[in-house]
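See below for the structure under consideration.
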Amino acid sequence: MSATPMWKKLLRVDVALLILACLLPLVDQRWRLDMVDPMRGVMVFAILALGLNIVTGFTGLLHLGMAAFMAIGAYAFAISSCDIYPFQLNFWWAILFTAIVGAFAGVLLGAPTLGLRGDYLAIVTLGFGEITQDVLKNLDVITKGTQGINPLPSPHVPWWTATGFGMLEFTSEQELPWYWLFLAFVVVAVVVCRNLERSRTGRSWLAVREDELAARCMGIAPVPVKMIAFATGAALAAVSGGLWVSMYSSTGEPGNYDFQVSILALCIVIVGGMGSINGVLIGSIAMLGIANIALPKIASVMQSAGWVNSGSVFGSPNNWKYLVFGLVLVVMMRVRPDGLLPAKLSIVNAKKKNNMEPTP
Amino acid sequence: MIMSQAVVSESVAPVAMGWGDVLSQQLITGVSNGMIIAMIAIGYTMVYGIIELINFAHGDLCTLGSFLALTMVGALGMEAWAGMGGTAAVVTLLISSAVFCGALNWTIDRVAYRPLRGKPKLALLVSAIGCSFILVNIALFWGGLPMEVFGGGNQAAAPKDFPSLISNENLLGAQSAITVTWRDLFVVIVTVPLMIGLTWLVKSTRLGKAMRAVAQNPIAAALMGIDVNRVIGSTFLIGGALGGFASVIYALYNNTISFQMGYRTGMDAFTAAVLGGIGSLPGAVVGGIVIGLVRALSDGYIEARWTNSVVFGILILTLVFRPSGILGAKLREKV
């Protein structure tokens, strides 16, 4: 703890990842890696998973409906900014509004349900996810149903443009501005999560996770503490949704925010290590790397080698996602329940007296 | 309200239907679907009762059961089996699906759940979600089989038509306003004896006694010489087998199956199990019938597109306000 040398302090996963992320655009063009585009998805999902990490990792509440908050964020962003609605906020105000709506939705879901026990709460969050999707789909007067809301504004930032210093307007064709913008958001989200983890609130999250009864005895009221976790996690998820739709300039159809998305976020947190912020970053690179980079590459290699034809069910990379996510969950739970970069205090291996005892 | 008219005109109505006929029709459909849901719900409730796991993969297990049935129909050319052959076909399908689903459920427990006994329950739940996803993907690939019944292999993700092996003829005569078909009768004929048999098994056999003992206290049961893992394994086997029966009944009743249907039917069944009081067998049956009725009435009187939300709403409200369900015994508070 005491005298760690400076170089060791800097030798950290998050710093290393930040440096790599800053270097990537430079080598990407030179070596034609085509990584900038998929990395934007990685970063959006990293923010979503950071939100889930607060709820599931820090506070120990299994949440199966993160996609719902992403969807709420997406639609809050769209409705507050799209020019077919009366509000027409610019990007920055809309993102702020999105975060607030997300937090509010988190409280709305949490208020009646946070007293429930672990697996029941998980099912309630799942149900909430499904209902949100249905409502977005069916209230087509407001949400435009399956057409999605578009166009959506992109951010303007002061930058050097072709005409000298001025406002740089993002377009959907350019990849790099979005890349840097999302990287900035990830950095902010990581800093926020890290500070929250060390704050009084964060310590009470861990306390509630480790032993709710003991935490209560120490004067921590579990329900408000869980509520803050729900609200913060939901706000982060909503922001990720807002960023995502702003990049595509459309919310897409409500079916995009389905159970698979919630499970992808859960996979990220579990692969990385529940409660570990660096783990979430590594996990989102690993999971989306598999889903969005590796699978399509493998598919195209196999197609060009003539092993599968493109019409076959095995030929489409999307058709393997369920299998990959499922295997990740099952194998990780058996082999390495603490994830690749375990948090210092783990939930999965903590011996709790109330769990079912090992059977002989 | 507008939708309800559309529904009426769809279900072949030789005579103009009064509101009473519409309602009775929906009650009949509801009960038939409810019995199917109940059969699946039993699988959830048995597993939950014994190891407190929401066996997420159960619905998708049933999907595989109906995919197996469709494969057999295609491979053996069952559509052409006439007369008593039709009955033989249905019985063959029921039994093979039940054996398959039972064995598969036992294997899943052996591979994915048993190593996690003693770990926190959430780890088990996560593993179950993983299994569910794996099964969904297997069903997706299965749907790509180059068989005619699966659409020739290029329609993997599309819903499959299940041949109607059971007649859709109205038992009350073609002039009756209310339709009760052979299928409705078939659902009742198959499910009711199975439920009675299961109740007998749990109440009166050695295995049933062992199951109840393990559910109450696994350690005490082990000390009394019960092989806990074997009992849990047989619970999965029996629950899976019932799911297998249900999957064939579902396919024969609804005539369409898809690789994703396990998620919806599974959630309906889980809602039924929770509503009836999870861990209770009669509760699962009552819950199943209630959910079947709610679905039918919601399709008829609200709008079909809101039905899933209605079911999930019931699930959430039950969990929040009455977690022990309608018939649930006292809630065992185990964190």
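The values are calculated or read from the model by the stated rules, or taken from the named source; none is laboratory data. All of these numbers come straight from a predicted model, not from anything done at the bench. Neighbour counts run over all protein chains shown; Cβ positions are idealised from the backbone, glycine included. These accessible areas exclude ligands, DNA and RNA; they are computed on the full protein's heavy atoms, side chains included. Shrake-Rupley method; radii C 1.70, N 1.55, O 1.52, S 1.80 Å.
One table, with the values for the structure above:
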{"quantity": "Pair list, Cβ < 8 Å and 6+ apart or interchain, from segment A:171-194 residues that are of a type in the set (S, T, N, Q) to residues that are open to solvent by 70 Å² or more (accessible area, probe 1.4 Å)", "calculated": "A:Ser172/A:Tyr248"}
{"quantity": "Output for segment B:123-157, where each listed residue is more than 7 Å from chain A (Cβ to nearest Cβ), over 19 Å from B:Cys62 (Cβ atoms) and outside any helix (DSSP H, G or I)", "calculated": "B:Pro146, B:Met147, B:Gln155"}
{"quantity": "Failed item, numbered, when B:Trp182 is tested on (1) without any contact (Cβ under 8 Å) to a residue 60 or more places away in the chain; (2) open to solvent by less than 80 Å² (accessible area, probe 1.4 Å)", "calculated": "(2)"}
{"quantity": "Meets criteria (at pLDDT 90 or above and facing chain B (nearest Cβ under 10 Å)) for A:Ile131", "calculated": "yes"}
{"quantity": "Test set (1) in contact with a Ser or Thr (Cβ under 6 Å, 6 or more places away or on another chain); (2) within 13 Å of A:Ser240 (Cα to Cα); (3) among the β-branched types (Val, Ile, Thr) - A:Ile54 fails condition number", "calculated": "(2)"}
{"quantity": "Single match in A:Pro342, A:Pro358 (criterion: at pLDDT below 70 and open to solvent by 60 Å² or more (accessible area, probe 1.4 Å))", "calculated": "A:Pro358"}
{"quantity": "B:Phe245 being more than 14 Å from chain A (Cβ to nearest Cβ), under 27 Å from B:Ile134 (Cβ atoms), buried (at least 24 other Cβ atoms within 10 Å of the Cβ) and in contact (Cβ under 8 Å) with a residue 12 or more places away in the chain", "calculated": "yes"}
{"quantity": "Qualifying residue in segment A:147-170 (condition: surrounded by fewer than 19 Cβ atoms within 10 Å (Cβ to Cβ) and within 13 Å of chain B (Cβ to nearest Cβ))", "calculated": "no"}
{"quantity": "Subset of segment B:114-127 that is out of contact with any Gly (no Cβ under 6 Å at 6 or more places or on another chain) and under 16 Å from A:His63 (Cβ atoms) - its residue that is surrounded by the most Cβ atoms within 10 Å (Cβ to Cβ)", "calculated": "B:Val126"}
{"quantity": "All positions within segment B:89-113 that are open to solvent by less than 20 Å² (accessible area, probe 1.4 Å) and facing chain A (nearest Cβ under 9 Å)", "calculated": "B:Ala112"}
{"quantity": "Subset of segment A:204-224 [under 13 Å from A:Thr56 (Cα atoms) and of a type in the set (A, V, I, L, M, F, W, C)]", "calculated": "A:Trp205, A:Leu206, A:Val208"}
{"quantity": "Pair list, Cβ under 8 Å, 6 or more apart: segment A:208-233 residue assigned to a loop (DSSP other than H, G, I, E, B), other residue buried (at least 20 other Cβ atoms within 10 Å of the Cβ) and of a type in the set (S, T, N, Q)", "calculated": "A:Ile220/A:Ser204"}
{"quantity": "Extreme residue, most open to solvent (accessible area, probe 1.4 Å), among residues of segment A:303-335 that are within 17 Å of A:Phe259 (Cα to Cα) and at pLDDT below 85", "calculated": "A:Asn318"}
{"quantity": "Selection status of A:Met43, modelled with pLDDT under 95 and within 14 Å of A:Phe182 (Cα to Cα)", "calculated": "yes"}
{"quantity": "Among (1) within 14 Å of another protein chain (Cβ to nearest Cβ); (2) open to solvent by 10 Å² or more (accessible area, probe 1.4 Å) - the single one B:Gly266 does not satisfy", "calculated": "(2)"}
{"quantity": "Hits in segment A:110-124 (condition: in a helix (DSSP H, G or I), at the interface with another protein chain (Cβ under 10 Å from one of its Cβ atoms) and within 19 Å of A:Arg209 (Cβ to Cβ))", "calculated": "A:Thr113, A:Gly118, A:Asp119, A:Tyr120, A:Leu121, A:Ala122, A:Val124"}
{"quantity": "Given (1) within 7 Å of chain A (Cβ to nearest Cβ); (2) within 27 Å of B:Leu93 (Cα to Cα); (3) outside any helix (DSSP H, G or I); (4) not aliphatic (A, V, I, L, M), number of the condition B:Ser167 does not satisfy", "calculated": "(1)"}
{"quantity": "Filter result (within 13 Å of chain A (Cβ to nearest Cβ) and either without any contact (Cβ under 8 Å) to a residue 60 or more places away in the chain or hydroxyl-bearing (Ser, Thr, Tyr) (or both)) within segment B:39-61", "calculated": "B:Tyr44, B:Tyr48"}
{"quantity": "Residue within segment B:53-74 that is modelled with pLDDT of 85 or more and touching a Pro at 6+ places or on another chain (Cβ under 8 Å) present", "calculated": "yes"}
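Here's the yes/no breakdown for (1) within 14 Å of chain B (Cβ to nearest Cβ); (2) open to solvent by less than 30 Å² (accessible area, probe 1.4 Å); (3) part of a helix (DSSP H, G or I); (4) in contact (Cβ under 8 Å) with a residue 40 or more places away in the chain:
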{"site": "A:Leu264", "(1), (2), (3), (4)": "yes, yes, yes, yes"}
{"site": "A:Val271", "(1), (2), (3), (4)": "yes, yes, yes, yes"}
{"site": "A:Ile285", "(1), (2), (3), (4)": "no, no, yes, yes"}
{"site": "A:Leu288", "(1), (2), (3), (4)": "no, yes, yes, yes"}
{"site": "A:Pro296", "(1), (2), (3), (4)": "no, no, yes, no"}
{"site": "A:Val301", "(1), (2), (3), (4)": "no, no, yes, no"}
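For every residue, the table says whether it meets (1) modelled with pLDDT of 90 or more; (2) surrounded by 24 or more Cβ atoms within 10 Å (Cβ to Cβ).
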position	(1), (2)
A:Ile47	yes, yes
A:His63	yes, yes
A:Met70	yes, yes
A:Phe91	no, no
A:Phe104	yes, no
A:Ala111	no, no
A:Arg117	no, no
A:Asn138	no, no
